[in-house]
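One structure below.
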Amino acid sequence: MPEGRGRVRDSEMIRVNNKFDVEWQEGTTVNSILKILKFTFPMVVVSVNGKIVPRSEYGTTRIGDNDAVKVIHLVAGG
Amino acid sequence: MSTKDIQKMRQAHKVLAEFDYELSEVEKGYANRTLYVNLSDNAIASKPVTQQMKDVFTGGKGFGLWLLWNGVTGDTKWNDPENEIVIASGPIGGTTQYPGAGKSLVVSISPTTHSVMDSNVGGHFGPLLKFAGWDALEIQGQAEKDVIVFIDGNEGKVTIEEAPEEAVDSHLIGEQMAEMFADTEREKRDISTVSAGSGADHALIGCLNFSWYDVRRKKVRFKQAGRGGIGTVLRDKKIKALVVKYGGGKAAANNPADRKRITKVGSRINQEIRDYDAVQNRMRNTGTAYLVTIMNDYDLLPVHNFKFGAHPEVERLSREVWESKFTQGLPDGCWLGCTMSCSHAVDGYTVRTGPYKGQVVIVDGPEYETIAGCGSSCGIFDPDALLEINFYCDTYGLDTISFGTSTAFIMECYEAGILNKEITDGLDLNFGNADAALELLHQMGQGEGFGAIVGQGIRRMKHIFAQEYGGDPRFMQDIGMEAKGLEYSEYVTKESLAQQGGYGLASKGPQHDEAWLIFMDMVNNQLPTFEDKAEALHYFPVWRTWFGLCGLCKLPWNDITPTDNAETDEPSKIPEHVQNYVELFSGVTGREVTKEDLITMSEQVYNFQRVFNLKMGFGTRQHDAIPYRSMGPVTVEEYESRTERYDRQLKELVGCDPEGKTTEEKMAALRAYREEQYELLIDVVYKRRGWTPDGIPTPETLKRLHIDFPDVLELVRQHIE
C-alpha cells in the first residue's frame, strides 16, 4: 500500500481519503486507483467529488486530475 | 469407542450431588434464574434473576460479571476455589429467526492477567442452557477428583458426578458425552459440552471448547472461548466436562414478546446474507480466513512477531487455499438459523504427529486469528501445518491466539540470541520452523520440556528469560506482544493510533472484540483528530459489548452490508442493522428501546468491568500501557523495512529532519513522538468515557449508569482520594 503523503500536492495527483496521493494519468479509473493502492478489501464505497460511484462503474468511471476520491472501507473483520 | 466403552465409563461415575428443579418456560428471553454449583462442598442451588439485574446488566456478560463480582474478593487468585467460571447466553440468545444468536459469554479470574476475563464463544451451549432453565451457570469451588456436571433440561435434574474414565482432550470427550447422554442418535443434537484438554492442565493459556452436534456430518464439532486461560481454570477445578441436554423445540423456546418483529428483521437480513455474501466477504464459503491476504495488502498482517505487516509467501494462506480445503456445500451453522454459517471445517484430516497420529478427524477452522497467529506471525506459511496446530490447540484446550503470539515471541528471542538450543531442549526455534512449533505444542500438552515454559504466557516468560537467561528486559518488554498479561490478537497496529488505543484500553487485554478501528483510522482517515479517535473509542467498544450482553455474535452486524448502506449518514455503524437489533431486543423482551438505549446498556456493563479490574488491583492508567512493538519499529530491521514511511513521518509529523541521522537516532525521535501520542490519546479517551485522568470511572459516571452500588462507590472513592 502506498504511503500517505504530505501536505503539499503536486498538480497531477489524485488525493484519496485526504491521505494517499496517486499519480494521475490520462485514463485513470476507479479500478486503477484501487489497484495502485492495493485496496483489495471487498466492501468499499467509492465516491468522487462527493458522488458515490456504483461498483459496476468502477472500470469506466474516469478520475480527473485534482479530483477528491474517497474509498471508504466498511469496518468488518475481527 | 464402543457402546460398551461408554457404558463402562458411565458405570464408573459416582454421583456426588443431585438437584431437582422445576422445568419452566423461558419468558421473553429470560429463564429468570441462574444455576450455582459449588464443587468443594457439592452444593447446587438456584438463584433468582432480579429486575435490577436485567435493568443494569441485561444478561450474558453482564450477568456473568455481576455473579463473579459477588463471588470473589479483590484477593481471589485464579486457582483459589473461590474463583468462578460463569457462562451465560443472553435474552436474545437462542433466537432462530435472526442469525448469530448462539453466543455464550464466559467470565472468570484469569491465570495470565490475574484480573477479570471475559471470552465469547458460539455454538449451542448458551441457548440449550437457557432453554434447560438457566440464564447462567455459575461454577465455584474445586472438586477432589475429576468430575462432570450434567444439566438435564428434559428431566429437571443437575448432577455432579465423578468421572474417572473419560478423556480430557476435547475431540474425545465431546463424542463421549454425546454418546453417553443421548438416548438416540437424534438426541445428540440436544447436547452440548464444555471441556478443555490436557494442555490446559499444564499451561496458563488454556481455552474452553464448546461442542455442538453437526447433524449433517453426524459428528461433534467445537467452537472456542479462547482468550484468557479460562480452560486452565476449568481444569484447575478438576472439571472434565459441563454438559447440558435440552430436547424441547428450539424455534419458539425463547418465547419472545412479539415474534412478528423478530421475523420481519430476520427475514430481511437472512435474504441479504443469501443474496450478497458471495460478493462481499464470502463468509459462507471461507469464514474469517478471507481476511489473510487482505490484511497483507494493507501491511496489517502480523509477520515475525508483528515486526512486519506483509510477506511474499502469503498466497499460500489465501482465501482460495482455505476454500479448497474446507468442505463446501455443507452449511456450517453455529446456532440454528444462522445464515452466515461461517464455521468451516476440514473433513477427513489425518493427524500427522503426536498422540493422535493416524486418526482421521475434523479440524474446526482455521479462523483468521489462528492463521495469522500460528502462521504468518511465526513465519509459518504451510496450510497443512496450520491444520495440525489448529487441531491440537483445540483438543489440548489451548488458545490459538496466545499460542501463536507466544511462539512468535520466543522465535524472536531465539533469533536474537536470548534463547539457544540448550535452553529450548534442542528445538531450533527460528521463524518458520513449523515442526518445532508443533513440538512445543505437544510439550505443552504433556507439561514438559521448553513447551511447558512457553505455556506460561508472555508476561511470565519475560520475567523468566530476564532472571534465568539474562534476556534484556527492556527489549523483551518492547517485543513481547502482551498487555495486561493477555497476548495480542492478530493485527499490526503501528500505523493506527486508534487501534493502539483499541487494544491498550480494552478491559480484558488486547483482544479486538472491543474495537477494530484500523481501517477507519489508517485507511479511511475518518478519525483524524484525537477527539474523533476518542469518540470512536467510546462508541465502538461499547457497541460491540452489547452483543455479549444478549447472546449474539457480532459478525452479522457488519460482515454483511445492505446495498444502500453507503448512502446512510454513518455507514461504518451499519445503521439498518443497528435498527434491526433495536427491533430484535424490543421484540424479544417487550421492553421498548432505542439505539441510544442499547449503548447505555453496554456502558453500564463496560464501566462495571473497568471497576472490577480496579477491585482486582488493576484498572488504572499504568495498566493501559502497551509494548512499543504495537506502536512503532523496535529494531533497525523494522525501521529500514519502511524507511520512506518513517522518514517522511519524522519530517512531517515530528518536525525532525532525518537527513544525516543514523537509523537509531531516527528511531529514538519517532519513538518519543509515538509514545507521547498514545498518552495524549488516553487523556482524551478517558475524558470522553467519564473517567479520571488515571482511568477510573468517576462517581458521577457510576451514578449516571446506575452502577453506583455502595461497594463500587467505596472502591472508586478510595482510589480517587
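Computed quantities for the displayed model
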item	result
Residue in the stretch B:391-406 that is without any contact (Cβ under 8 Å) to a residue 24 or more places away in the chain and not in a loop (DSSP other than H, G, I, E, B) present	no
Only one of B:55, B:41 that is charged (D, E, K, R) and more than 27 Å from residue B:96 (Cβ to Cβ)	B:41
Residue selected from the stretch B:605-658 under the condition within 23 Å of residue B:415 (Cα to Cα) and of a type in the set (Gly, Ala, Ser), by the criterion surrounded by the fewest Cβ atoms within 10 Å (Cβ to Cβ)	B:641
Contacts under 7 angstrom Cβ, first residue in the stretch B:546-574 being at the interface with another protein chain (Cβ under 10 Å from one of its Cβ atoms) and touching a residue at least 40 places away in the same chain (Cβ under 8 Å), partner of a type in the set (D, E, K, R) and surrounded by fewer than 23 Cβ atoms within 10 Å (Cβ to Cβ), 6 or more apart	B:554/B:544; B:560/B:272; B:560/B:277
Which numbered condition residue A:34 fails, given (1) within 23 Å of residue B:286 (Cβ to Cβ); (2) touching a residue at least 12 places away in the same chain (Cβ under 8 Å); (3) not in a helix (DSSP H, G or I)	(3)
Residues located in the stretch B:476-491, provided they are away from chain A (no Cβ under 12 Å) and among the acidic types (Asp, Glu)	B:478, B:482, B:487
Condition met for residue B:465 (in the same structural domain as residue B:352 (by TED's automatic domain parsing) and in contact with a Cys (Cβ under 7 Å, 6 or more places away or on another chain))	yes
Residues satisfying the stated conditions in the stretch B:340-371, i.e. buried (at least 22 other Cβ atoms within 10 Å of the Cβ), more than 19 Å from residue B:381 (Cβ to Cβ) and polar (S, T, N, Q)	B:343
Selection count where residues are charged (D, E, K, R) and at the interface with chain A (Cβ under 9 Å from one of its Cβ atoms), scope the stretch B:295-321	2
Matching helices (runs of 4 or more DSSP H) fully within the stretch B:658-721 where at least 1 residues are of a type in the set (A, V, I, L, M, F, W, C) and touching a Cys at 6+ places or on another chain (Cβ under 9 Å)	B:663-689
Test: residue in the stretch B:679-698 that is under 30 Å from residue B:601 (Cβ atoms), away from chain A (no Cβ under 14 Å), polar (S, T, N, Q) and surrounded by fewer than 20 Cβ atoms within 10 Å (Cβ to Cβ)	yes
Selection count where residues are at the interface with another protein chain (Cβ under 9 Å from one of its Cβ atoms), under 24 Å from residue B:494 (Cβ atoms) and not hydroxyl-bearing (Ser, Thr, Tyr), scope the stretch B:272-294	2
In the stretch B:250-280, residue modelled with the lowest pLDDT [restricted to those that are of a type in the set (Val, Ile, Thr) and over 19 Å from residue B:550 (Cα atoms)]	B:279
Test result for residue B:576, surrounded by fewer than 21 Cβ atoms within 10 Å (Cβ to Cβ), within 24 Å of residue B:334 (Cα to Cα) and not assigned by TED's automatic domain parsing to the domain that holds residue B:27	yes
Residues (within 13 Å of another protein chain (Cβ to nearest Cβ) and assigned to a loop (DSSP other than H, G, I, E, B)) located in the stretch B:646-657	B:655
Residues of the stretch B:492-530 satisfying the condition of being in a loop (DSSP other than H, G, I, E, B), at the interface with another protein chain (Cβ under 10 Å from one of its Cβ atoms) and not charged (D, E, K, R)	B:511, B:512, B:515, B:516, B:517, B:524, B:525, B:526, B:528
Residue that is more than 19 Å from the chain's Cα centre (by Cα) and at negative phi, where the choices are B:216, B:235, B:227, B:221	B:216
Candidate set from the stretch A:1-51 (those that are at the interface with chain B (Cβ under 8 Å from one of its Cβ atoms) and within 18 Å of residue B:280 (Cα to Cα)); member that is modelled with the lowest pLDDT	A:42
Identity of the residue in the stretch A:54-78, at the interface with chain B (Cβ under 10 Å from one of its Cβ atoms) and not in a loop (DSSP other than H, G, I, E, B), that ends up nearest to residue B:560 (Cα to Cα)	A:73
Enumerated strands (runs of 3 or more DSSP E) restricted to the stretch B:179-287, each holding at least 2 residues that are surrounded by fewer than 23 Cβ atoms within 10 Å (Cβ to Cβ), among the acidic types (Asp, Glu) and touching a residue at least 60 places away in the same chain (Cβ under 8 Å)	none
Some residue of the stretch B:411-429 being within 15 Å of residue B:353 (Cβ to Cβ) and hydroxyl-bearing (Ser, Thr, Tyr)	no
Options B:635, B:643, B:620; residue that is within 14 Å of chain A (Cβ to nearest Cβ), within 30 Å of residue B:479 (Cβ to Cβ) and modelled with pLDDT of 95 or more	B:643
Hey, residue B:610 among the basic types (Lys, Arg), touching a Ser or Thr at 6+ places or on another chain (Cβ under 8 Å), in a helix (DSSP H, G or I) and in contact (Cβ under 8 Å) with a residue 12 or more places away in the chain or not	yes
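Matching residues to (1) of a type outside the set (Asp, Glu); (2) assigned to a helix (DSSP H, G or I); (3) closer than 16 Å to residue B:150 by Cβ:
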| position | (1), (2), (3) |
| --- | --- |
| B:6 | yes, yes, yes |
| B:10 | yes, yes, yes |
| B:16 | yes, no, yes |
| B:19 | yes, no, yes |
| B:22 | no, no, no |
| B:37 | yes, no, yes |
| B:40 | yes, no, no |
| B:44 | yes, no, yes |
| B:54 | yes, yes, no |
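The values are calculated or read from the model by the stated rules, or taken from the named source; none is laboratory data. None of these values were measured; they are calculated from a predicted model. Positions of Cβ are generated from backbone atoms using ideal geometry, with glycine treated the same way; all protein chains shown enter the neighbour counts.
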